[in-house]
Amino acid sequence: MAYAMSASAQETAAEILRKNGRSFNFARAFLTEIQGQRAARLYAFCRYVDDVADDASDAREAKAVLDQVKSELAGVHAPSPRIADFLDLARETNIDLDAAIALIDGVASDLETVAFETVSDLLRYAYKVAGTVGLMMCSVLDVDDPLAAPFAIDLGIAMQLTNIARDIQEDAENGRRYAPAAWLDGASAADIVNPDACLKPDLQAAAERLIQLAETYYESAYNGFGFLPPRSRFAILIAARVYRQIGLKLGRRKFAVWRGRTVVGTPEKIAVASAAATAYLTQRRLHHRSGRHNADLHGPLSGLTGVHEAVT
C-alpha cells in the first residue's frame, strides 16, 4: 500500500528546505504549488541521505543505514515513512530510482577517504551527488523529454562544483579533499586546514579552476532550459544564478577560501532574481529546446544514468 504523505509531513519537508536549502527555497517561491511541494519532498529525501553521512559518528553504522535505504528503494525491505514518501513521489513523477541509488552511492563515498586524484574522479562524484538531483528534478518539474537529461545533469554538476570551491576549507576540516591532487601539489586535507604561505596560492588557483569548470557546465545547462515549463524555467534560472553568484563573490575575494564561507544574502538574492527576470525576457536560448549537447562534457561519466554517451 502506498504511504500517503500527511499535511504535517509536507510541512516537515518544507521546513527542511527552508532551514537547509536557502537558495533553493528562495527559488521555490516561483514554482507552482504542486511543483513546490514535490521539490520540497525531493529535497527532504536528499537531505536525509546527506545527513546520514555528514552527521555520522561511526562510518560503518552510517554505511549500514545507507545500505538499508537502498534496500528499501529496491523493495527488499519495507520502507520507513520518509522513504515511502519518496517512493510515492517517484511513482507520481516517474523518477528513475537508478538516479536515487547513484546519489546514495556518492554520499556513501564521503564516508571513506576523500582525496581525488583526477578531474574525472571529481566529475563522477559531482554527478552522483548532484547531477542525479538534476535528473530527479526533471521528473518533479514535469519534464519528460529524454533530451533534457544531459543538461539537467550539467546544472547539478555546476552547482556541486560551486559548493566544493566554496567549502574547500570546511571540507578539509572534515578530512575531505575534493580538488584533484595535481591542482594542490598533492596537499592533504590536513594541510589545507591550516594552509601555509606556500599553499595559499595553490588553494586560490584550485578554487578558481573549480569555478571555471563550473562555468562550463552552467553554460551548457542554460542551453537546456527550454525543456522546462515556463514557470519552473524561471524558478530554476533564479536558483542557477544565485548559485553562480557564489562563484562571482569568491572571485571578488580573490578565491581566498580560508577567509570564511562565501554566502549570498537575501538582498543580493533579490538583485539576482531581478537580473534573472531580465535574462528570462531577453535571452532567446533560454526558451529554445536545443538537443545539441556537448558529449565531451560527459566523457568522464560514461555508463551512468542519463548521460550523453559519445557515439564512436
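Cut-off under 28 Å on the C-alpha distance; same-chain residues fewer than 8 positions from K128 excluded. Which lysines are left, in chain and number order?
By straight Cα distance, K128 reaches K19, K63, K70, K249, K269.
Rank G186, L248, A276 by how far each Cα sits towards the positive end of the charge dipole of the chain (+1 on Lys, Arg Cβ; -1 on Asp, Glu Cβ) and give me just the farthest.
It is A276, whose Cα lies furthest towards the positive end.
Full extension from D142 to A295: what is 0.36 nm times the residue separation minus their Cα-Cα distance, to one decimal in nm?
Values: separation 153, 0.36 × 153 = 55.08 nm, distance 2.43 nm.
Gain on extension, D142 to A295, equals 52.7 nm.
Counting every Cα pair in segment 144-206, what percent are over 16 Å apart?
Working: 978 of 1953 pairs.
Here the tail beyond 16 Å accounts for 50 percent of pairs.
Counting pairs of alpha carbon atoms under 8 Å apart in space and at least six apart in sequence, what relative contact order in percent does the chain give? Can you show the working numbers first?
Working: 429 pairs, mean separation 57.1, N = 312.
Relative contact order for the chain comes out at 18 percent.
Give me the dipole magnitude in Debye, nearest 20, for segment 92-164 about the Cα centre, with unit charges on the beta carbon: positive for Lys and Arg, negative for Asp and Glu. Provide the component values of the computation, followed by the final result.
Working: 2 positive and 12 negative charges, 43 e Å.
Here the size comes out at about 200 debye.
I need the calculated FRET efficiency for the pair D98 and V193, taking r as the beta carbon distance and R₀ as 51 Å, to the nearest 0.05.
On the way: r = 36 Å, r/R0 = 0.71.
With a Förster radius of 51 Å, E is 0.90.
So what is log10(I(q)/I(0)) for segment 10-301 at q = 0.07, 0.10, 0.16 1/Å, when the Debye sum runs over its Cα atoms only?
Log10 of I(q)/I(0), two decimals: -0.25, -0.53, -1.40.
Say each of E268 and T118 gets a label point 7 Å from the Cα, pointing the same way as Cα to Cβ; how far apart are those two points in nm?
About 3.5 nm, to one decimal.
Using r as the Cβ-Cβ distance of Q212 and A256, and R0 as 22 Å, what FRET efficiency do you calculate, to the nearest 0.05?
Working: r = 17 Å, r/R0 = 0.76.
Between Q212 and A256 the formula returns 0.85.
Relative to the compact globular guide of 2.2 N^0.38 Å, what is the alpha carbon radius of gyration of segment 173-213, as a ratio? Write down the numbers at each step before the final one.
Numbers: Rg = 9.5 Å, N = 41, 2.2 N^0.38 = 9.0 Å.
This ratio for segment 173-213 stands at 1.06.
Just subtract the alpha-carbon distance of V65 and K249 from 0.36 nm times their residue separation and send over the number in nm, one decimal.
Answer, rounded to one decimal: 62.5 nm.
Expected output is a single nm value to one decimal: the length gained when fully extending between A310 and V76, i.e. 0.36 nm times separation in residues minus the C-alpha distance. What is it?
Numbers: separation 234, 0.36 × 234 = 84.24 nm, distance 3.49 nm.
Additional length available on full extension: 80.7 nm.
Can you compute the helix-only [θ] at 222 nm over the chain? Use -39500 (n - 2.57) per DSSP H run of at least 4 residues, normalise by all residues, nearest 500 deg cm²/dmol.
-20000 deg cm²/dmol
Kindly put V52, V263 in sequence by how many other C-beta atoms sit within 10 Å of each C-beta, fewest to most. Walk me through the numbers before you get to the answer.
On the way: V52 22, V263 12.
Listing V52, V263 from fewest to most nearby Cβ atoms yields V263, V52.
Would you work out the charge dipole size for the chain about its Cα centre, treating the Cβ of every Lys and Arg as +1 and the Cβ of every Asp and Glu as -1, and quote it to the nearest 20 debye? Don't skip to the end; give the middle numbers.
Numbers: 34 positive and 39 negative charges, 289 e Å.
Dipole of the chain, to the nearest 20 debye: 1380 debye.
Can you list the residues, at least 5 places off or on another chain, whose amide H is less than 5 Å from the amide H of A115, using H built in the peptide plane?
Those lying under 5 Å, H to H, from A115 are R177.
Taken together, the values in this text are just the output of simple stated rules run on the coordinates, not laboratory data. Here the structure is a predicted model, which means the values were calculated and not measured. Here Cβ is always computed from backbone atoms with ideal geometry, including for glycine, and neighbour counts include all displayed protein chains.
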